[in-house]
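Below is one structure, written out as structure tokens; comments come after it.
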4 protein chains.
Amino acid sequence: MSSIWSHNISVSVFGESHGPAIGVVMDNLPAGEYIDMEKLMEFMARRAPKKNKTSTQRRESDMPQILSGFLNGRTTGTPLCAFINNNDTHSQDYNNIARLARPGHADYTGALRYGGFNDVRGGGHFSGRLTAPLCFAGAVAGQILEKRGIYTGAHILEIHGIKDDAIDNVSVTREQVVEMRKAEFPVLNVEKGKEMIADIEKAFMCQDSVGGIVECVSVNVPAGIGSPIFDGLENSIASLIFGIPAVKGLEFGVGFNCAKMLGSENNDEFYVNDAGHIVTRTNNHGGILGGISSGMPISLRVAFKPTPSISKPQHTVDMKNMSNDVIQVKGRHDPCIVPRAVPVVEAAVNIALLSHMLDYPNF
Amino acid sequence: MSSIWSHNISVSVFGESHGPAIGVVMDNLPAGEYIDMEKLMEFMARRAPKKNKTSTQRRESDMPQILSGFLNGRTTGTPLCAFINNNDTHSQDYNNIARLARPGHADYTGALRYGGFNDVRGGGHFSGRLTAPLCFAGAVAGQILEKRGIYTGAHILEIHGIKDDAIDNVSVTREQVVEMRKAEFPVLNVEKGKEMIADIEKAFMCQDSVGGIVECVSVNVPAGIGSPIFDGLENSIASLIFGIPAVKGLEFGVGFNCAKMLGSENNDEFYVNDAGHIVTRTNNHGGILGGISSGMPISLRVAFKPTPSISKPQHTVDMKNMSNDVIQVKGRHDPCIVPRAVPVVEAAVNIALLSHMLDYPNF
Amino acid sequence: MSSIWSHNISVSVFGESHGPAIGVVMDNLPAGEYIDMEKLMEFMARRAPKKNKTSTQRRESDMPQILSGFLNGRTTGTPLCAFINNNDTHSQDYNNIARLARPGHADYTGALRYGGFNDVRGGGHFSGRLTAPLCFAGAVAGQILEKRGIYTGAHILEIHGIKDDAIDNVSVTREQVVEMRKAEFPVLNVEKGKEMIADIEKAFMCQDSVGGIVECVSVNVPAGIGSPIFDGLENSIASLIFGIPAVKGLEFGVGFNCAKMLGSENNDEFYVNDAGHIVTRTNNHGGILGGISSGMPISLRVAFKPTPSISKPQHTVDMKNMSNDVIQVKGRHDPCIVPRAVPVVEAAVNIALLSHMLDYPNF
Amino acid sequence: MSSIWSHNISVSVFGESHGPAIGVVMDNLPAGEYIDMEKLMEFMARRAPKKNKTSTQRRESDMPQILSGFLNGRTTGTPLCAFINNNDTHSQDYNNIARLARPGHADYTGALRYGGFNDVRGGGHFSGRLTAPLCFAGAVAGQILEKRGIYTGAHILEIHGIKDDAIDNVSVTREQVVEMRKAEFPVLNVEKGKEMIADIEKAFMCQDSVGGIVECVSVNVPAGIGSPIFDGLENSIASLIFGIPAVKGLEFGVGFNCAKMLGSENNDEFYVNDAGHIVTRTNNHGGILGGISSGMPISLRVAFKPTPSISKPQHTVDMKNMSNDVIQVKGRHDPCIVPRAVPVVEAAVNIALLSHMLDYPNF
């Protein structure tokens, strides 16, 4: 199903950018899990637009209302539904979308797919706003995982060619993950972060936008979670990550760099550490072998394209008249979605991990 | 399910490397589709080991036997099952696997996942040999797609840092795709191919292995195929591609390079071409926008790690005694799996595309 | 997933009887389908409690609010979410449920399943009130089917041993189906209906309840819809019908009576009718052969147990103290749910048929 | 998918009656489960044709060959594939099926569904022979359940109006279940069994056939297994049971008789028994409340229509010429399939129960 991710748990996302509301139904959550709503709101706030030039000028009130599946602060085990009202919508900004296909957007492909009946205002169901309910689901999953010691965090690895330091995916600790998530602008190297901010602001001034890479890590995932072939951790994570608008690539561990390596360089040798656990000295495999967790930190990187909505005039077509035309996309848009995408990547990883963890004996 | 990929069609892969047989069940195929078995065998032969130093010295007889779902040269519409006997297996080569975890393999993670009951000989169900039934399924899907004009082909883009020319994903034609698949060593630039072969042979001499990248393209996919969020073409293709052993990364269109680009560079402007169709001048989006095909060639790249089986001694652990040890992996292994992976990537893409095409009106 | 029915379309039901709201998400609906909201409310009103002694005295405001997937009176093709607020809830009536297991209810089994964390007020997620969102989904599906000429209607066949006339499942017409749905108390034989009403009222006076059977028929389903083995029309309908609380049996065509028949009696002989169509003279097969529609009316019967909530004192256990006890179920309950179950059965059948119809060429 | 049942485990059935082979793939079985192949063959022998007049005169060699997922007598945890060769096929008996639709068979509906490309010999994929791989899967599931104390057995409750004694679904023990399965002709009342056999033989002499009912019970299923709404035990069992050819009805516990009862009669009162467990004095609910097991025996009944293949001449249509015609079905057929259906019903219940049991803590 298009908007239902279904594995041991399911996450069903609904809504359009300028419709009455967006939301999510989570099915098959474990019962009796305490969810701290304040922490959940903090998580979602990381995705919300910021009050500065790196982000959209829209004010989104992303306060989720829970309709079911939650009682006395705990999951009931039956479907948990939450929705977020769409308040601050300026549909007049999008009046000509139905006619002119915005480059880099799904206006053209969506019109074909739904015979022109889909809600095109603000991108409709294709809007990045749909990542808000995904974040809600990921925040719930994340809190359940953290009770079992599993922490997931991400940072901006690169924006428009400017690179942050990479996470050390062998030694990274839970504390470092938590720290990483606290940053206003989520980078490890503050100086690099300042460069990125300056670059984003410059793109904004130039009516342009920039792309980037998010790096994510999960620590304390027990070894033995996942399955071979089509139900590996990579498959599950990928099926969620490619559900985030603007994602163009995904790699685990050493990723595409493995194409430059020898087997003797890439193979991570096993050894028994002082605590008596089997671990590896390096982590080129990104914590996953044969689709199954090795106990090493799970590490991955996700490429995000530059925000397709730019104010610069662009050539495009008038879909009604089948003629060439020029569009100048108005409205308020992020010149770079990467900072706000950081918790979205964490959310996707949390959902995949919780789903596989439900198979873990003594979960 | 671990080894069932299920969408509009399903592909259920079974078998272990050294068990009686490996095979596949395809469910919900359209009825009445003519399958040319000779062409199918040619497709599978591209995955089979070659009689040279770039490939394993094993002789695999990959002749599939069809048990059901196929009559008078055509699909019946009911489940199509085919299997391939495992003949040439030297299990003694793998006697110590159950004890010593081979670095880069799923021996350790698989033992945890299945409590030590899984068949470890030759990697068992984790073996790259399981890509043979995947190729069978992909060959069937490919023939059905080609009847509708949709052609998919791949080549080696990079091996151990040596780069082939990239496919021009705007202008590529069906004829070029077909031509690309004919090559003994599938590269566009023959000179680069020779360099790669020399490098693979060198790795083999050094008891080592090398990784690489496969680039794949599909032409004539009609615009409007796919869905947003979790049922996009990227999600479907990803869920299959990460089912191929040794894959560490996947990117579409411009992929990870989008992290270095401006929106104005990355956006592909639309125009109406001479034939009156809406197309784009560039194809950074890789033929997919919002999870839905744009009508432009679908293009993607897949990173394969170096074959983990190398003859060089490696440090590892004895899982029984929980002690450090050294392993020297014997047996016959490909010093580089990338050449044989080329049709496997095509197979995965064919399966995903056929599945989505079944939603296409007038398929 | 517990509360998601997933086939070509999916229906995800959420909510608890006394929580903030109940609702439904429908995924993969065809785009551009006009839905008449007034007709939809009429359908749902048939399930709503009546203002008489045959039904609960609660006033339920079942006005659904649509959050997504619906624009300008038409489906958009993206997920359609609707919810219904729970207003008239008297939770104090259910205060001792957490302790005393009501016979015939899921209090005991639900407490085990969810470790005591589920919402038990009013039966929580197990409540018959969850059939309201199912009716919403069935009403949407029904309107889409009626555009293609397919009409589904049901009536009360039996209540507490009092039998209505059976539908003639060979000759039944669309007009008869529509007429059947208009009745205040849905029976074919008005006199028998009066007997049933009197019997229900008597049960109510005796602090008791009664069970019954609903018979349902669908006309104009084209021949060739469905699949063998696990994806037949019977399987799909059954998987939905057994999702309705209180259902204890389901039969198609001649049903359990086939156990008394000879093959020569039961087989429905084919002939070519005056219109040149292949039909059968009798319809013991209930319009389905090998899981696939034959073009004859689809006919089925569903058995509903007497409402388990009765005011009579009953023996039960105190689950906290593990001691025997007596319970007197208070609150307002239907002495017979069968009349209100009639549109719920239609809804389930509509959902199954629409889902299979999406495979129909030229749908 | 048509021939894949997918829940916590999946069962994928393939093959046609007169093709090379029929078989099954089971995915996600627990690893390390010992399967006694002799016991498994005994189970399958109960479905095999008998050497007497109550059954078909065909000799079927139903010896399954295992291709994967099984090593050293135990499941490996990866897909278990088994197939059975089709040896004793007389395709000339079915030569005119493609033209004349056999009443009560899927010849007409299957031809429409698959555009005439399906294998019609012997009913093809619609054949009752496909219950052999289902029995294989059910036998595997049953052995795994029996290790946990859960036993399932069935008997013939009724044939052509002649009724066996019913199982006492409150007091039935594991020993009684095992005993029930040993009978050559599976009834509780031997005298009634003789009447049934005489009746079947009479039908055979008259070139006719008879229908019947199978009653099944499962003991020692722990309380708390299953889920509400669409993932209840009834839904799962139903989705499998209606996958058995010739099934026309299914009821749980008191079933359709609940339509004649008062709530005070039908409700099963709870009490704490001497062992300190919560049980019910009666079992009208058939061991399932709200889709979840109560700990009482699970009991159900399945109606089978008379074998549609009868030698008597029957009116039908010539599908090629669209003309009325007469058919005399030749070949060897069971005059009553109910005796052979008994283990098939057990198999379906075993599969459903094992799948739900995998959610049970400490399975």
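The values are calculated or read from the model by the stated rules, or taken from the named source; none is laboratory data. Bear in mind that the values here come from a model prediction, so they are computed numbers and not experimental data. Here Cβ is always computed from backbone atoms with ideal geometry, including for glycine, and neighbour counts include all displayed protein chains. Note: accessible area is taken over every heavy atom of the protein model, side chains too, but ligands, DNA and RNA are not part of it. Shrake-Rupley method; radii C 1.70, N 1.55, O 1.52, S 1.80 Å.
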Can you tally the net charge around C:MET296? Count Lys and Arg as +1, Asp and Glu as -1, for every other residue whose Cβ sits under 13 Å from the Cβ of C:MET296. -2
Quantify, in whole percent, the carbon and sulfur part of the accessible surface of segment D:4-357 (1.4 Å probe; protein heavy atoms only). 49 percent
Got the C:HIS315 label distances to the other copies yet, label 7 Å along Cα→Cβ, in nm, shortest first? 5.9, 7.1, 8.7
With r defined as the distance between the Cβ atoms of A:LYS147 and A:LYS182 and R0 fixed at 22 Å, what FRET efficiency is calculated, to the nearest 0.05? 0.65
Under a point spin-label approximation (7 Å from Cα along Cα-to-Cβ), what is the B:ASN362-C:ALA275 distance to one decimal in nm? 2.8 nm
Rounded to the nearest 10 degrees, what's the angle between the helix D:131-147 long axis and the longest principal axis of chain D, both from Cα atoms, 0 to 90? 10 degrees
Under 12 Å from the Cβ of D:ASP165, count the other residues' Cβ atoms, weight Lys and Arg +1, Asp and Glu -1, and hand me the total. -3
Report the accessible surface area buried between chains D and B, summing both sides, using a 1.4 Å probe on protein heavy atoms only, in Å² rounded to the nearest 100. 3000 Å²
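Provide a whole-number value for the mean count of partner chain Cβ atoms within 10 Å of the Cβ atoms in peptide A:320-330.
Shielding by partners across A:320-330 averages 2.
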Rh_Kirkwood(segment A:294-363) over Cα pairs, Å, one decimal, evaluates to 16.2 Å
If you find the alpha carbon centre of segment A:286-306 and of segment B:191-237, how far apart are they in angstrom? 19 Å
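Kindly provide the helix-only [θ] at 222 nm of chain B, computed as the sum of -39,500 (n - 2.57) over DSSP H runs of four or more divided by all residues, to the nearest 500 deg cm²/dmol?
Roughly -8000 deg cm²/dmol at 222 nm, from the helical runs in chain B.
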Fully extended contour minus Cα-Cα distance, from C:MET37 to C:ARG332, at 0.36 nm per residue: 103.3 nm
Would you mind getting the accessible area per residue of the protein assembly as shown, heavy atoms of the protein chains only, 1.4 Å probe, in Å²? 33 Å²
7 Å along Cα→Cβ, label-point gaps from B:MET41 to other copies, nm, shortest first: 3.5, 6.9, 7.0
For the rotation taking A to B, I'd like to know which residue in chain A has the C-beta closest to the axis, plus that distance in Å. A:ALA238, 2
Got a sec? Which residues in segment A:137-175 would a label at A:LYS202 touch, if it sits 7 Å along Cα→Cβ and we count backbone N under 19 Å? A:157-165
If the viscosity is 1.567 mPa s and the temperature 4 °C, what Stokes-Einstein diffusion coefficient in µm²/s follows for chain A when Rh is the Kirkwood radius over Cα pairs? 61 µm²/s
Taking C:ASN362 in one copy and the same position in all the others, each labelled 7 Å out along Cα→Cβ, what are the pairwise distances from the first, in nm, shortest first? 1.4, 6.2, 6.3
Rounded to the nearest 0.05, what FRET efficiency is calculated for D:GLU265 and D:SER323 with R0 set to 60 Å and r the Cβ-Cβ distance? 0.65
Crossing angle, helix C:190-205 versus chain C [Cα axis fit, 0-90 degrees, rounded to tens]: 20 degrees
Using Cα-only point scatterers and the Debye equation, what is log10 of I(q)/I(0) for the protein assembly as shown at each q in 0.06 Å⁻¹, rounded to two decimals? -0.53
